[in-house]
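The values are calculated or read from the model by the stated rules, or taken from the named source; none is laboratory data. Predicted, not measured: the structure shown is a model, and the values here were computed from it. Don't worry about glycine lacking a Cβ; one is built from the backbone with ideal geometry, like all the others, and counts go over all protein chains shown. For the accessible areas, the whole protein counts, side chains as well, though only heavy atoms, and no ligand, DNA or RNA atoms are used. Shrake-Rupley method; radii C 1.70, N 1.55, O 1.52, S 1.80 Å.
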Amino acid sequence: MSEAKSSVNRETVEQVNKFGGEHYKYGFSTDVAADKAPLGLNEDIVRFISAKKEEPEWLLEWRLDAYQRWCTMDEPDWAHVDFPQIDFQDLCYYAAPKSMEDSPKSLDEVDPELLRTYEKLGIPLIEQEMLAGVRKVAVDAVFDSVSVGTTFRDELAKQGIIFCSFSEAVKEHPDLVKKYLGSVVPKSDNYYAALNSAVFSDGSFVYIPPGVRCPMELSTYFRINEANTGQFERTLVIADRDSYVSYLEGCTAPMRDENQLHAAVVELVALEDAEIKYSTVQNWYPGDADGKGGIYNFVTKRGDCREARARISWTQVETGSAVTWKYPSCILRGDDSSGEFYSIAISNNLQQVDSGTKMIHLGRDTSSKIISKGISAGRSSNVYRGQVSVHPKAEKARNFTQCDSLLIGDKCAALTVPYIEAKNRGAVLEHEATTSKISDDQMFFCRQRGLDPEESVALIVNGFCRDVLQNLPMEFAVEAQKLVGISLEGSVG
Amino acid sequence: MSSLLEINNLQASVGDKPILKGLSLSIQPGEVHAIMGPNGSGKSTLSYVLSGKDGYDIGGGSMHLDGQDLADMEPEERAIAGMFLAFQYPLEIPGVTNMTFLKASLNAVRRGRGEDEIDAAQFLRLAREKARALGVDDEMLKRPLNVGFSGGEKKRNEILQMAVLEPRLAILDETDSGLDIDALKTVAEGVNALRAPERGMLLITHYQRLLDFVKPDVVHVMANGRIVKSGGPELALELEASGYADYIDEAVHA
Amino acid sequence: MLDAASYFEQVKQALPGDVEARAQALHKAEALGLPTRRLEHWHYTDLARLLKKPTQENAALVATDFSALNPSEVRFEGGVMQASDDAGLADWPALSLTGAEDASDAMVLYNQALAQAGVVLELPEGGQKTLLVTTQGSAPQHLSHHTSLARGAELILIDDNMASGYSNVAWDIELAEDSKLTFVHLQQAGRQVATSTVRLAENATLTRLNLLSGQDIARHAGTIALQAAGARAELHSAILGTDAAHNDVTYVIDHQAADTQSNTTSYHALAGQARGVFQGKVIVQRDAQRVDAQMQARAMMLSDGPEMDAKPELEIYADDVQCAHGTAIGEIDADALFFLRTRGLDEATARQFLITGFIEQVLDACDHEPLVASLRAHIETKIATVLGQGSAS
């Protein structure tokens, strides 16, 4: 291993370690004069956003259609979550940092204030640039709704890989966007997806050409900064035939008293023999110990294994948000395609998580695997909700699901709600779920070996999550392990 | 005297992968043969091909039991003809009691052989008698087949089925695996009790251990899908001392 | 189903009890309408749609021989009690609206509105009894049964429903301390909606066995409330689904107290165009520590047409618990089939063997030998009749 690599790792670890003192480490707010849309949502706002982004007519029409459909839809009420009614007319649907009006041509032109924000987050872009030659991570950072800078563009471009902000893709690669946008998550798929389709402001776009193995992890860090801003980013990843890409997404948001809405849509398309790995570490502000503030994270993520032997794998570490509503799913359309879902969902204090996955088997010899680890502490509620559905033509479909819940304390809740549906004789579906607690014996053992109660819990919970953690790329695994500990602070004692 | 089992230049593969590559073997009535060989040499495949498991393509050669060509026979037809396989990993069948299963099996075989079925009372007497000899108690007979049985109990149960069905040829696939010494002795005694002038046995084993208790007449070494050497019981001891390495090379380079 | 309102007008004068309360229940039921899949509790059984399907012919009904248990007997036909050989029953109408707290379920409300008759059995302290309730006939019937067991009482209750028409049957059962109920449901025909509520006091035991083999519609929903320490529920179902059968077993198992146990299994053997549904929700309430709740749903898919839907849920509010559920859906195990064939069984026999073994696991939790023998005979006859040779392949 090169020296550079190990020094970077050490630095990362130190940065993560620095998070140890306070409860929410990302609770700073950057002072950048914003260019904001007026409050509320109507056709004019949709036109405002589209105009702001200088979009083509077809995209404006697409947005308006989504908006019309959204107006006829109701908020879903089936999830096991409880929060005050959101006033969608009291939100701001567009906020761009002012200094972004003239897009920076390089990182040097990026507002130094923004760069310092990223430094505080522990993912300075400059450092990422310096990582060149070691293991590379290309970062497309989304500051509120506009992509502020994309690294490694040139190097990726040499291989024909497109990694840019969504708005840029609309301008530079309209055919690709037109072909794939909404092809996995239709604009009227659900209430929040329709809302996103109407008002999405930016996000990331990835296209990997046939036969190309993306040489580095692609990464996006999302932050929600502006008070009262909904963040509606849109991510579209297309892996053409026989290509491979690993995509990382990290999310943080400043501490605020009011709740903030985050309704993103992520669409993945894997063509023949292609593979997409999508990893998320979600650490949005969860609200304080009394449940004040925090992000509402209502996200639609779906991957389409559109052709034969395509593979899509979702890995998520969910520790943040006040309310999470999120089901990264796979449509297994191509024969021999496969889908995976690895999840760690931690809820503490008054957090509410309703998360899981759907595996829809349509093609022959399709397989899927679900490993879900839910950890509830405090007075939180943590739901695994999943669907495995084998359609009549999906000969020899296979699914294995392991779904474990860990309860810490006697004021929290753990729920498991799987829907298992077999319409083909040859389906082999196995589902297992367990519920357990951290035993007194385990705690005593750790403490006898010198760990304090919180370290003991972190250690035991990390062990409980091992099957999922080991699926994360190295860069994320360290951070995720640390987050597990941080998010459970105050859960014992 | 015609052979009880006659295998000639047998070739078998799974998918594209050849496993048996021209295997020949002949067993006379009353003889006990042992096949030894390293892992992956094709020993278990031989047992499955002889007993008719799906998933193996017979590429060439022949196999006959008592002069009957086995190739086109279903597994149950082979059982009726007298083929018995003691499984390396006996299956667990929930909900079907050992007793129910044994009776159904015995009567199916008897019907197939043109014999009368036996009634419940006769069967109970027969099963209990055979079970007692193998240390299988009534409780084990009433439990669902192999469910919750220990390794030793499962293997004893296989020998019990063999005792009840009275086959012409018994293939014991790694019957010694996973047994402690006491369990091994019990199983070996059961096997020895079933040696008979009209019956043949084929012991498939990785180790010499079983052969200390069940003395074979002939020992074969199998490697890379063929019999590469045959000899008397002393061959097994030789293998125990020197290992399979020589034979693997020989087979690969042959 | 016929139009409930006009049916009510026809029969209301003949119905016992408080007609006004019945009318109110009917009004509520009509407002809710027949259940559809939009209701989570009915997610896989869209009764409104199912009842529009043409009725299915039933395979021959098997009369099950329970004579070895020497039971008291009571028989219902067309919603009317036909004969009771001095079963020691109290008077009906004891129509009460208790046990029907779940007024959000239209089928419970229809039962309250239209119940014509039922069993009222109050077993005194230490009492022992075996009661066989048979239901027959093709006319629609609404039955409302009430049973309570006093301290230490033991009852074997067999609900043998052979009605070939529509039936809506409700059971409301109260188990006092140390009482023990073995509750068997046989369903072989017709369109049956059965709803039961069982409340268990300290150390009470419920062993419930459902054997469903009708070829039309069966929905068996049970709410089991474990209200005090030591209460234990063994809930086991076997479903033999063929042709266009729709068989739904739905449980809510509510552990309201610490140190309670439940064990739920469900075995579905499905052929033809049959649909099997298992929904099981285990709730462990706050402070119900040291609960042990296990749940397993298994399905064997015997042909190309069937569908199996399972929703085993956990809802846990206490941390010191042992809760697990599992689901396994697949074809007959090919290795087991091969094993049986090496022992001389032909393929059809071997399959039948494996199906029978699979289904008969439902009896594992019952230790009453004569009852097990009767039910085993029932299962074997049913499998031979319904699946027979060939249709299982």
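A few remarks follow.
- Among the residues listed as A:T366, A:T357, the single one being crowded, with 24+ Cβ neighbours inside 10 Å, more than 9 Å from chain C (Cβ to nearest Cβ) and more than 24 Å from the chain's Cα centre (by Cα): A:T366
Residue by residue, here is whether (1) open to solvent by less than 20 Å² (accessible area, probe 1.4 Å); (2) out of contact with any His (no Cβ under 8 Å at 6 or more places or on another chain); (3) modelled with pLDDT of 90 or more; (4) of a type in the set (F, W, Y) holds:
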| residue | (1), (2), (3), (4) |
| --- | --- |
| B:D66 | no, yes, yes, no |
| B:G82 | yes, yes, yes, no |
| B:F101 | yes, yes, no, yes |
| B:A108 | yes, yes, no, no |
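- Residue in region A:302-321 that is nearest to A:N196 (Cα to Cα), counting only those that are of a type in the set (D, E, K, R) and open to solvent by 10 Å² or more (accessible area, probe 1.4 Å): A:R302
Conditions tested, residue by residue: (1) open to solvent by 20 Å² or more (accessible area, probe 1.4 Å); (2) modelled with pLDDT under 90; (3) over 28 Å from C:P35 (Cβ atoms).
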site	(1), (2), (3)
C:L95	yes, yes, no
C:K129	yes, no, yes
C:S138	yes, yes, no
C:H145	no, no, no
C:R151	yes, no, yes
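- Any chance C:G17 is on the phi > 0 side of the Ramachandran plot and open to solvent by 20 Å² or more (accessible area, probe 1.4 Å): yes
- Residue in region B:22-36 that is touching a residue at least 40 places away in the same chain (Cβ under 8 Å), assigned to a helix (DSSP H, G or I), surrounded by fewer than 21 Cβ atoms within 10 Å (Cβ to Cβ) and of a type outside the set (K, R) present: no
- Among the residues of region A:56-72, those identified as of a type in the set (A, V, I, L, M, F, W, C) and open to solvent by less than 50 Å² (accessible area, probe 1.4 Å) are A:L59, A:L60, A:W62, A:L64, A:A66, A:W70.
- Set B:V187, B:V221, B:V191, B:V228: member being in contact with a Lys or Arg (Cβ under 6 Å, 6 or more places away or on another chain) and at pLDDT 90 or above: B:V221
- For the residues C:E331, C:E360, C:E315, the requirement of being surrounded by fewer than 24 Cβ atoms within 10 Å (Cβ to Cβ), of a type outside the set (K, R), within 29 Å of the chain's Cα centre (by Cα) and under 15 Å from C:I239 (Cβ atoms) singles out C:E360.
- Sole residue being of a type in the set (S, T, Y) and within 8 Å of another protein chain (Cβ to nearest Cβ), chosen from A:Y419, A:Y384: A:Y419
- Residue in region A:439-452 that is at the interface with another protein chain (Cβ under 7 Å from one of its Cβ atoms), on the phi < 0 side of the Ramachandran plot and hydrophobic (A, V, I, L, M, F, W, C) present: no
- For region C:318-328, filtered to residues that are open to solvent by 10 Å² or more (accessible area, probe 1.4 Å) and over 27 Å from the mean Cα position of the chain (by Cα), the residue that is nearest to the other protein chains (Cβ to nearest Cβ) is C:D319.
- Considered as a group, the residues in region B:122-147 that are open to solvent by 60 Å² or more (accessible area, probe 1.4 Å) and over 24 Å from B:G82 (Cα atoms) include one that is farthest from the other protein chains (Cβ to nearest Cβ), and that residue is B:D137.
- A Cβ distance below 6 Å, combined with a sequence gap of six or more or placement on separate chains, defines the contacts here; from region A:459-471, residues that are free of Cβ contacts under 8 Å to residues at least 40 places away in the same chain reach residues that are part of a loop (DSSP other than H, G, I, E, B) in the pairs A:I460/A:I438.
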